[in-house]
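The values are calculated or read from the model by the stated rules, or taken from the named source; none is laboratory data. The structure presented is a predicted model; accordingly, all values stated were derived computationally and were not measured. Glycine also receives a Cβ, built like all others from the backbone with ideal geometry; neighbour counts cover every protein chain displayed. To get the accessible areas, we keep the full protein, side chains included, count just its heavy atoms, and leave off ligands, DNA and RNA. Shrake-Rupley method; radii C 1.70, N 1.55, O 1.52, S 1.80 Å.
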Amino acid sequence: MKKFLAVVFALIFALSAATTAFAVANTCPHCGQYIETEKAFNEHLDKTCPVLHPVKTCPYEGCGAKFQDEEQYEIHVAKCPKKSDKDKFIEKIKGIDYKAIVTKVIGVVQKIDFPAIIAKILPIIEKAVKAIVGAVKSM
């Protein structure tokens, strides 16, 4: 029972730490930024705290665009005008369904009548070998 109560109190403390920090000092407990109102404090925690929501920089050379919002970052990266041809090529390669291609190739190969092909090619090879042997013997 004591362990259970300890866990409950720990959860209550953890969940109320942010509100308590605002009530005590009007500062973010994560980054230390001073915040005027509780509404601004909650918005700061939800969207703009640099510790909870680190700024992401576009990975493409020469761009440097920065985003705190994950969704905006992903949209930008997908359409970044600074994306190189190499990056575009790699994205296309990653998007290929190789399993489907292999399955189609196997299906085509299974339909080939190899014994019939061999039956047609073998006589031609035999004639070519006989002609070569005949030419060598006559030298």
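Among the residues of the stretch 32-68 satisfying the criterion of being among the basic types (Lys, Arg) and farther than 30 Å from LYS88 by Cβ, which is least open to solvent (accessible area, probe 1.4 Å)? Per the stated criteria, the residue is LYS47. Within the stretch 28-87, being touching a strand residue (DSSP E or B) at 6+ places or on another chain (Cβ under 9 Å), aliphatic (A, V, I, L, M) and modelled with pLDDT under 85 holds for one residue alone: VAL55.
Here's the yes/no breakdown for (1) surrounded by fewer than 10 Cβ atoms within 10 Å (Cβ to Cβ); (2) more than 19 Å from the chain's Cα centre (by Cα); (3) not in a loop (DSSP other than H, G, I, E, B):
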position: VAL77; (1), (2), (3): no, no, yes
position: GLU91; (1), (2), (3): no, no, yes
position: GLU126; (1), (2), (3): no, yes, yes
position: ALA135; (1), (2), (3): yes, yes, yes
